[in-house]
Amino acid sequence: MVFVNLLSYIIVLVGALNWGLFGIFDFNLVGWMFGGARSVGSIIVYILVAIAAVWLIISPMITGRGLLLSGRKDDMREADAK
């Protein structure tokens, strides 16, 4: 679960970076990397960002403990105590 949460967090950060670049500089990094905003590669990245964002929204509800970004036992005990 921790691995999926961290991976989702990184993917969402990539999406946020792309939106920031697009908003500030009118530059679509993902579209540039894959040769257009509607190319197959770009669409896959956009879908992965959306899935990762949905996962980060529902993951705390599934676990009932909040979003876990560490697999350390003391962190899990603190989350259980809350």
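The values are calculated or read from the model by the stated rules, or taken from the named source; none is laboratory data. Note that the structure is a prediction, hence the values are computed from the model and not measured. Note: accessible area is taken over every heavy atom of the protein model, side chains too, but ligands, DNA and RNA are not part of it. Shrake-Rupley method; radii C 1.70, N 1.55, O 1.52, S 1.80 Å.
Where the accessible area of the chain is counted over protein heavy atoms with a 1.4 Å probe, how much of it, in %, is carbon and sulfur?
The C+S portion of the solvent-accessible surface of the chain is 73 percent.
Report, in order of residue number, the helices in the chain meeting two criteria: a C-alpha extent of 18 Å or more along the helix axis, and a mean Kyte-Doolittle hydropathy of at least 1.6; treat each whole DSSP H run as one helix.
2-25, 40-63
With every protein chain left in place, what is the accessible area per residue of the chain in square angstrom, probe 1.4 Å?
Here the residues of the chain average 71 Å² of exposed surface.
So what is the relative contact order of the chain, in percent, for Cα pairs below 8 Å that sit 6 or more residues apart?
Worked out over the chain, it gives 35 percent.
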